[in-house]
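Worksheet for the structure shown next.
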Amino acid sequence: MAISWNFNENDYQENDFAIIPVGDYRVRIANAEETKSRNNNDMIKLTLDVSGHSSSLWYYLVFMPDNAKMTNQKLGQIFDSFGITPGDMNIQNWLGKVGGARVAHEPYNGENTAKVKYFLSRNKVDKLPDWQEP
């Protein structure tokens, strides 16, 4: 079976996903997915919209039974930054929440990529500029 479609090239725009500059940004949880890490640990993959940018960021929260303190620290940062009730593990409740992140650049496959270095505390988020749609 072949798909029939009349392609209109006027509807096509080349992707312009510039790298997000280093700095502090408001970010919104667009998607949260429970999955497994390479080492088969439980993991939550967050897709984050970034205020004023059309590019997204991804954050991988790996639950490490052998390092509960680090896992709880990272989870606590998410709860604080996004105003999520501490201990609320229903990730559907996280969708649409706005927090803040420090963005850094790291090399990946020979190119710099934007990464979430850490999530900002709520009092720092409140000092960021208002949310801007891209």
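The values are calculated or read from the model by the stated rules, or taken from the named source; none is laboratory data. In this text the structure is predicted, and so the values were computed from the model without any measurement. Virtual Cβ from ideal backbone geometry, glycine too; neighbours counted across all protein chains shown. These area figures cover heavy atoms from the full protein model, side chains too; ligands, DNA and RNA do not enter into them. Shrake-Rupley method; radii C 1.70, N 1.55, O 1.52, S 1.80 Å.
When DSSP beta bridges are restricted to pairs lying wholly in the range 1-83, around 100% turn out antiparallel. Electrostatic tally near Met64: other residues with Cβ closer than 15 Å to its Cβ, Lys and Arg +1, Asp and Glu -1, net +2.
Here the 3J(HN,Hα) profile of the range 106-116, calculated from phi with Karplus coefficients 6.51, -1.76 and 1.60 at θ = phi - 60°, is 9, x, 8, 6, x, 10, 6, 10, 7, 9, 6 Hz, Gly and Pro shown as x.
Overall, the accessible surface of the chain at a probe of 1.4 angstrom is composed of carbon and sulfur to the extent of 47 percent.
Averaged over its residues, the chain has an accessible area of 70 Å² per residue, based on protein heavy atoms and a 1.4 Å probe. Each of Trp58, Trp94 has its accessible area taken with a 1.4 Å probe; listed largest first, they run Trp58, Trp94. Cα axis of helix 68-82 to longest principal axis of the chain: angle in degrees, 0 to 90, nearest 10? Tilt relative to the chain: about 60 degrees.
Set against the labelled values (1) 0.98; (2) 1.02; (3) 1.05, Rg/Rh (Cα atoms, Kirkwood Rh) computed from this structure falls on (3).
Could you work out the relative contact order of the chain? I mean the mean sequence separation of Cα pairs under 8 Å and 6+ apart, divided by the number of residues, in percent.
Contact order relative to length: 27 percent.
Per-residue surface analysis assigns Phe63 an accessible area of about 50 Å², computed on protein heavy atoms at 1.4 Å probe radius.
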